[in-house]
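Working notes, beginning with the structure itself.
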Amino acid sequence: MPPKLTIAQRHFLRVQAAQQGAQEDVAEPTDAERMMRASLWADRRAIHDIKSMERKATYKAEVLPRYADYVAGVLEGDSGRDDEILMTVMVWRFDVRDLDGGLAIAEYALRHGLTTPDRFKRDTASLIAEEVAEQVLAILDARRETDQDGTDPEQLVAWAERAQALTEDADIHDPIRAKLAKAIGYALRAAGNESAALDYLKDAVRLYPQVGVKKDIERLQRKVDKQPDPDEEQPPADAEQASAEPTESPADAPGAG
């Protein structure tokens, strides 16, 4: 594991990355970029040698703070240049379920039309939509199986809807869009908004019939259909109770018989 950066090194990375963004023409990489490229090469090699997916994620979580100041400087400089370091950090943040951090880079990347490194095998918008969808679905699965993930369902909805908003104008394969709609639908269901969840799941099926939500749609539809219409006037509770109480017959009256 590489040593932690000093405060001075972190400041240097952020300032130089931001200054590079302010320059119109940069022919050679800065010292900060060279440092981050060397770190990225070493980390990618280490991750490649790890067999366990869980341990890969743990390693990424441990090394990601080394890149935080460089990334902050790049976003601050707002140059819009393609940057392999930045895009790799975005994906790693998604991998460790730092969706806020990943989406911060995603917004920048889509606004400037940044491309992903070839090894990711997906365009930027597709990668963002699919990564966020898969992480939201994985968190929801963990909640159901172990009840240990304390992520607020409303936060899951917010992450997935943000990814949808960022990528809505992009040309993305229908199965990926369907997966994101499925993630939003399941997150809404977990948050108790069953009617909105049903709409998203139906949209997922429309986009890709094999998305795997038809049974859930049937169950949700039955639940939603049983809910009273909020616009329909309901009888007061005391009236319902009175109608449910048995009336006294003459034979039961005091003194009868």
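Conditions (1) closer than 22 Å to His173 by Cα; (2) surrounded by 16 or more Cβ atoms within 10 Å (Cβ to Cβ); (3) among the hydroxyl-bearing types (Ser, Thr, Tyr), marked per residue:
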site	(1), (2), (3)
Arg97	no, yes, no
Gly101	no, yes, no
Leu114	yes, yes, no
Glu131	yes, yes, no
Val136	yes, yes, no
Ala142	no, no, no
Glu145	no, no, no
Asp152	no, no, no
Val157	yes, yes, no
**OP:** From the list Ile139, Ile128, pick out the single residue that is modelled with pLDDT under 95 and in contact with a Ser or Thr (Cβ under 7 Å, 6 or more places away or on another chain).
**Re:** Ile139
Original post:
Would a scan of segment 219-234 turn up a residue that is at pLDDT below 55 and either surrounded by 10 or more Cβ atoms within 10 Å (Cβ to Cβ) or within 30 Å of Lys179 (Cβ to Cβ) (or both)?
Top reply: no
Original post:
Can you name the residue in segment 70-95 that is in a loop (DSSP other than H, G, I, E, B) and not basic (Lys, Arg) and is also surrounded by the fewest Cβ atoms within 10 Å (Cβ to Cβ) among such residues?
Top reply: Asp78
Subject >> Any helices (runs of 4 or more DSSP H) falling wholly within segment 131-231 and containing at least 3 residues that are within 18 Å of the chain's Cα centre (by Cα) and not assigned by TED's automatic domain parsing to the domain that holds Met90 >> reply: 153-167, 174-190, 194-207
Original post:
Out of (1) in contact with a Pro (Cβ under 8 Å, 6 or more places away or on another chain); (2) surrounded by fewer than 18 Cβ atoms within 10 Å (Cβ to Cβ), what's the single condition that is false for Arg66?
Top reply: (2)
Original post:
Just a yes or no: is a residue in segment 18-39 part of a helix (DSSP H, G or I), basic (Lys, Arg) and modelled with pLDDT of 90 or more?
Top reply: yes
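The values are calculated or read from the model by the stated rules, or taken from the named source; none is laboratory data. Model, not experiment: these values are computed from the prediction. Don't worry about glycine lacking a Cβ; one is built from the backbone with ideal geometry, like all the others, and counts go over all protein chains shown.
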